[in-house]
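Since the structure comes first, as structure tokens, the remarks are kept for the end.
The values are calculated or read from the model by the stated rules, or taken from the named source; none is laboratory data. These figures come from a predicted structure and were not determined experimentally. Using ideal geometry, Cβ is built from the backbone for each residue, glycine included, and neighbour counts are taken over all protein chains shown. For the accessible areas, the whole protein counts, side chains as well, though only heavy atoms, and no ligand, DNA or RNA atoms are used. Shrake-Rupley method; radii C 1.70, N 1.55, O 1.52, S 1.80 Å.
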Amino acid sequence: MSITVNGLDELKKLAGSDLGTSEWIEVTQERIDTFADATGDHQWIHVDPEKAAAGPFGAPIAHGYLTLSLFIPLFTELLDVQGVTTKVNYGLNKVRFPSPVKVGSRIRLVGKLAEVEEVPGGVQITVDGAIEIEGGAKPAAVLQSLSRFYA
């Protein structure tokens, strides 16, 4: 369930809050292949199901950066900031990929609004996130994302 805030003042009040958990999404071979085409990364571990089945993970796995890119649609399920003119992805402080995402797995985001700080014309938020794999012992990705919102 999404948390909706209206304006920067309401956003500031959420500092330190848990944002909850997104819905599960499936990582399909089609999604992996599309990402491979977009990035030019056609390594067999991602796009050759037959060869990958005999590889170290027993199946094709998603690119780490595909998993990371899914942070944005998953995050938009957690927090909706209204009453601002511009929303900007500002970058990342940390990213780790503790566990591979096998084709057919479902993932979701667990997020916390770790920090809200003022920047000229707006605020910058720091979100601590973990992209979990359904039934997995370790997350697919652990990250700290920065976004800016301008009035």
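General observations
- Residue list for segment 16-30, restricted to those being over 15 Å from the mean Cα position of the chain (by Cα) and either surrounded by 15 or more Cβ atoms within 10 Å (Cβ to Cβ) or polar (S, T, N, Q) (or both): 17, 28, 29
- The condition of being over 13 Å from the mean Cα position of the chain (by Cα) and open to solvent by less than 50 Å² (accessible area, probe 1.4 Å) holds for only one of 60, 56, that being 60.
- Residue count, segment 127-142 (criterion: part of a strand (DSSP E or B) and either of a type in the set (A, V, I, L, M, F, W, C) or open to solvent by 10 Å² or more (accessible area, probe 1.4 Å) (or both)): 8
- For segment 92-99, the criterion of being surrounded by 17 or more Cβ atoms within 10 Å (Cβ to Cβ) and in contact (Cβ under 8 Å) with a residue 24 or more places away in the chain is met by at least one residue.
- Filtered residues of segment 101-126 (kept if part of a loop (DSSP other than H, G, I, E, B) and open to solvent by less than 20 Å² (accessible area, probe 1.4 Å)): 101
- Number of the condition not met by residue 10 [criteria: (1) over 18 Å from the mean Cα position of the chain (by Cα); (2) outside any helix (DSSP H, G or I)]: (2)
- Taken across segment 72-84, residues that are open to solvent by 50 Å² or more (accessible area, probe 1.4 Å), farther than 30 Å from residue 51 by Cβ, polar (S, T, N, Q) and in contact with a strand residue (DSSP E or B) (Cβ under 9 Å, 6 or more places away or on another chain) do occur, with at least one present.
- Every pair of residues 6+ apart whose Cβ atoms lie under 6 Å, when the first sits in segment 16-37 and is assigned to a loop (DSSP other than H, G, I, E, B) while the second is among the polar types (S, T, N, Q): 27/105
- Lone qualifier among 86, 39 - being over 16 Å from the mean Cα position of the chain (by Cα) and closer than 17 Å to residue 148 by Cα: 86
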